Amino acid sequence: MASSLVSPSPISSFITNKKDLGFSAFPSTSQIAIQKCKKQVSKKIVSVMAPQQSERKPATTGSVKTGMTMTEKILARASEKPQLTPGDNVWVNVDILMTHDVCGPGSIGIFKKEFGENAKVWDREKVVIIPDHYIFTSDERANRNVDILRDFCTEQNIKYFYDIKDLGNFKANPDYKGVCHVALAQEGHCRPGEVLLGTDSHTCTAGAFGQFATGIGNTDAGFVLGTGKLLLKVPPTLRFVMDGEMPPYLLAKDLILQIIGEISVAGATYKSMEFVGTTVESLNMEERMTLCNMVVEAGGKNGVVPADSTTFKYLEDKTSLPYEPVYSDAQASFLSEYRFDVSKLEPLVAKPHSPDNRALARECKDVKIDRVYIGSCTGGKTEDFLAAAKLFLASGKKVKVPTFLVPATQKVWLDLYTLPVPGSGGKTMSQIFEEAGCDTPASPSCGACLGGPKDTYARMNEPKVCVSTTNRNFPGRMGHKEGEIYLASPYTAAASALTGYVTDPREFLQ
Amino acid sequence: MAASLIRTSYSSAFAFSTSKASVFSPSVSPPSIKVPTFSPTVKPLSSTVAPHAACAISLTTRATLTPSSVPSDTLTTTFHGLCYVVGDNIDTDQIIPAEYLTLVPSNPAEYEKLGSYALIGLPSSYDTRFIEPNETKTKYSIVIGGANFGCGSSREHAPVALGAAGAKAVVAESYARIFFRNSVATGEVYPLESEVRLCEECKTGDVVTIELGESRLINHSTGKEYKLKPIGDAGPVIDAGGIFAYARKTGMIPSESN
């Protein structure tokens, strides 16, 4: 493997035990010495933070603020504490709570049970409800679940509910967006420095905006609905430094597959993953979203990319709410640091049946495939389709296997039909896809990424081999238990579609 | 069929009644707000004073399913029964495949259905299934797993399905965080960690006892005993009775619902 990768090198830390600074009178906080961050941080917490009895300003305690990572800072601000250490359990103010059709009804059920039938959500403008998972199906329960969301939103006067009523024609639903994580970004709900929780594991996608974003279950969501707060444990941070110019055949998907393959599916459990470096700075927002999207596949609690001019520019026309980015201190403590020279990396796949089953795409060229799937929050954004289109354009050939295209949102779908592809003489992505023999882009939703009801478009109902731009490939993920899913970048997916085998995109892009 | 309940009584999705044909009964104030968990102070299994209807069903089911001890306090809480052994990285798609996620866990009837599909996603290499064909409950009250149990999705349906099926505890080498958190939050299964790879020490069908107070697992079929890791920072939350009870106890939210 040609990557020059320096395996974890601990970053030196500073103030060791808070006791040394006369903190013993302080309400019991974590007693984990910061120096423990040098090695594996124990999941066990020594003590749980009790509510503070009195407000103690930093000046009065004589405390010296130690450096904090981005994640620690965001949680500190959200919990109104001057200083946090990994391991602290704190009550955090939530800026945005997102839910969708699969977990919404259950969360609503718990909310009503615990807070009462007539309870109101803590803030009708901070709850964003986005049906996206099982939409275009005749499954009655799935349809009913969207109705449940609607009734709740009506009753609560929820400001942001991206409703859909006409399942036969998504375009007839002006409010409908599609995949929640992409919709959150496109609708301006992601802002640097904030705390965003969602009832979906890929909520970590929003970390691309320099905020703390993570997935929670129905019960936690029910709690947030009523209180606007949640008890969270501050995670230590793993830092990933990626430098070098991004080769023209690599995409963010390859970077994150590289990382997951490196640290394994549990390598970031209970940890935050921070992505920095010149390469990261060169990525556009959607590529950064792809990077953060699969943090959960490494077990990560959240992913963060520091906000910069790219972020601010993206947000300009999307949100008018004020925000305040935070950045890791120079002396912040990181659990480990991994460095990558991106110029040495090659296109990758994650072979069945695990996202950490990393392999070079070129070493899988004898793997015959049955289909290609381009879609999902991971690989169904405009940038993902642009990449696939560029590769099809470069090749000029037709696909050899059924190639399913599922745009994440209505906006993405529209882009497919309106955005000119650079170097194509004004063609749109949809035209290029049509010329390449791909299936017509489908109605925007999560689609077959997670299988879904049996009539879901592109669901794998028989054992097939699929190259997919999605995020997980555990057994049965896209439907059939014996299905074989190779996770890949849009470039690699497109290249594979053209040959009928897992293919390194350099065959077509140079 | 749930669909027939839709228009007028969608809220039966989270009504207390266990009857499928139930009509939503408004303003049922939970008498004592307690989130279902394996709190050491929880009432005997036959208690009907559980705010979470699903829990009431779950507890009652467990009472009839396995002859385990009645939890009365931490020191004497035990789980006893047959164990079902799985490997590493059992993800949520294997625990409860996505096609069943249309079932809403807070709907009692759908809660039961979820249970009937628990671990149905395991590959066919698992000869002995968690729930036998034509059964809706499992005969295994303890699931023994390897590393990273419950990885994948944040779906709370995963621990719920296990609990609804009749499992009471999971003993894994390690957990994925969202699954662990959801287990604690719902109280559906008690998530324990082992010191060693119990998945290699135990076989499906072994009779085991877990003694929470002693942090110990005994495999009666092999005669071996194993140390379990203490519950850690989830302890205060579980002991209080779940996130809602913990929040009320620590003054974060009022002690009674509106």
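What stretch of chain A, leaving out the sites themselves, is the longest with no GluC sites (Glu not before Pro) in a DSSP loop having at most 14 other Cβ atoms within 10 Å?
Details: sites that count: A:GLU55, A:GLU80, A:GLU125, A:GLU245, A:GLU482.
Within chain A, the longest run free of exposed GluC sites (Glu not before Pro) spans A:246-481.
Give me the three principal axis extents of the range A:375-452 from the C-alpha atoms, as integers in angstrom, largest value leading.
If we take the Cα atoms of the range A:375-452, the spans are 37, 27, 17 Å.
Return the tail of the calculated pair distribution for the range A:123-249, meaning the percent of Cα-Cα pairs more than 17 Å apart. Each step should come with its number before you reach the end.
On the way: 5202 of 8001 pairs.
Here the tail beyond 17 Å accounts for 65 percent of pairs.
Per the Cauchy relation, a quarter of the hull surface: what is the mean projected area of the convex hull of the alpha carbons in chain A, in nm²?
With every direction weighted equally, the projected area is 23.0 nm².
If you take the beta carbon distance between A:ASN93 and A:ASP370 as r and set R0 to 51 Å, what does 1/(1 + (r/R0)^6) give as a FRET efficiency, to the nearest 0.05? Intermediate values should be presented prior to the final figure.
On the way: r = 48 Å, r/R0 = 0.95.
Efficiency computed from Cβ-Cβ geometry: 0.60.
Mind checking the alpha-carbon convex hull of the range A:193-248 and giving the volume per residue in Å³? Let's see the in-between values first.
Values: hull volume 6.2 nm³, N = 56.
Taking only Cα atoms, the range A:193-248 has a hull volume of 110 Å³ per residue.
How long are the semi-axes of the ellipsoid equivalent to the range A:251-322, from square roots of 5 times the Cα gyration tensor eigenvalues, in whole Å, largest first?
Working: eigenvalues 117, 36, 17 Å².
Over the Cα atoms of the range A:251-322, the semi-axes work out to 24, 13, 9 Å.
Grab the DSSP H runs of chain A that are 4 residues or longer, score each as -39,500 (n - 2.57), total them, divide by all residues and round the 222 nm result to the nearest 500 deg cm²/dmol.
Values: 15 runs with 137 residues, N = 510.
So the calculated ellipticity at 222 nm is -7500 deg cm²/dmol.
What is the sum of charges, Lys and Arg at +1 and Asp and Glu at -1, for the other residues whose Cβ falls under 12 Å from the Cβ of A:LYS120?
Numbers: positive: A:LYS112, A:ARG124; negative: A:GLU117, A:ASP123, A:GLU155.
After counting each charged neighbour, the total is -1.
Could you work out the mean count of beta carbons from other protein chains within 10 Å of each residue's beta carbon in B:120-129? Mind showing how you got there, number by number?
Working: counts 2, 6, 3, 6, 3, 1, 0, 0, 0, 0.
Neighbouring Cβ atoms belonging to other protein chains average 2 per residue here.
Scale the Cα Rg of the range B:110-258 by the rule-of-thumb value 2.2 N^0.38 Å and send over the ratio, two decimals. It would help to have the intermediate numbers written out before the result.
Working: Rg = 16.1 Å, N = 149, 2.2 N^0.38 = 14.7 Å.
Cα Rg divided by the expected 2.2 N^0.38 Å: 1.09.
Where the eigenvalues come from the Cα gyration tensor of the range A:173-304, what are the semi-axes √(5λ) of the equivalent ellipsoid, largest first, in whole Å?
Working: eigenvalues 124, 68, 31 Å².
For the range A:173-304, the ellipsoid semi-axes come out as 25, 18, 12 Å.
Across peptide B:87-99, what mean number of C-beta atoms from other chains lies inside 10 Å of a residue's C-beta? Mind showing how you got there, number by number?
Values: counts 0, 3, 8, 2, 11, 4, 10, 6, 0, 0, 8, 16, 12.
Averaged over the peptide's residues, the number is 6.
Could you state the number of Å between the C-alpha centres of the range A:68-115 and the range A:210-250?
Their Cα centres are 10 Å away from one another.
Here are some pairs, A:LYS398/A:LYS427; A:LYS177/A:LYS368; A:LYS81/A:LYS126; which of them have Cα atoms lying more than 27 Å apart in this structure? Kindly include the intermediate steps, with their values, before the conclusion.
Details: A:LYS398/A:LYS427 16 Å; A:LYS177/A:LYS368 35 Å; A:LYS81/A:LYS126 22 Å.
Checking Cα-Cα distances, A:LYS177/A:LYS368 exceed 27 Å.
Please report the base-10 log of the normalised intensity I(q)/I(0) for the range A:152-198, using a Debye sum with one equal scatterer per alpha carbon and no solvent, at each q in 0.25 (1/Å).
For the range A:152-198 at q = 0.25 Å⁻¹, log10 I(q)/I(0) is -1.04.
May I ask you to give the average projected area over all directions of the convex hull of the Cα atoms of the range A:429-468, in nm² rounded to one decimal? Walk me through the numbers on the way to the answer.
On the way: hull surface 14.0 nm².
For the range A:429-468, the mean projected area of the Cα convex hull comes to 3.5 nm².
Modelled label-to-label distance, A:SER282 and A:ASP308, 7 Å Cα→beta-carbon offset: nm?
Here the modelled spin labels are 1.1 nm apart.
What Kirkwood radius, in Å to one decimal, follows from the Cα pairs of the range B:115-161?
Working: mean 1/r = 0.0843 Å⁻¹.
That comes to 11.9 Å for the range B:115-161.
In debye, nearest 20: dipole of chain A around its Cα centre with unit charges on the Cβ of K, R (+) and D, E (-)?
Values: 57 positive and 57 negative charges, 226 e Å.
So the magnitude is around 1080 debye.
What average count of beta carbons from other chains do you get within 10 Å of the Cβ of residues in A:278-285? Mind showing how you got there, number by number?
Numbers: counts 0, 0, 0, 0, 0, 0, 0, 0.
The mean count of partner-chain Cβ atoms within 10 Å per residue comes to 0.
Bear in mind these aren't lab numbers, they're just calculated from the coordinates by the rules spelled out. From a predicted model like this one, the values you see are computed outputs, not experimental measurements. Quick reminder, even Gly has a Cβ in these numbers, built from the backbone with ideal geometry, and neighbours come from all protein chains shown.
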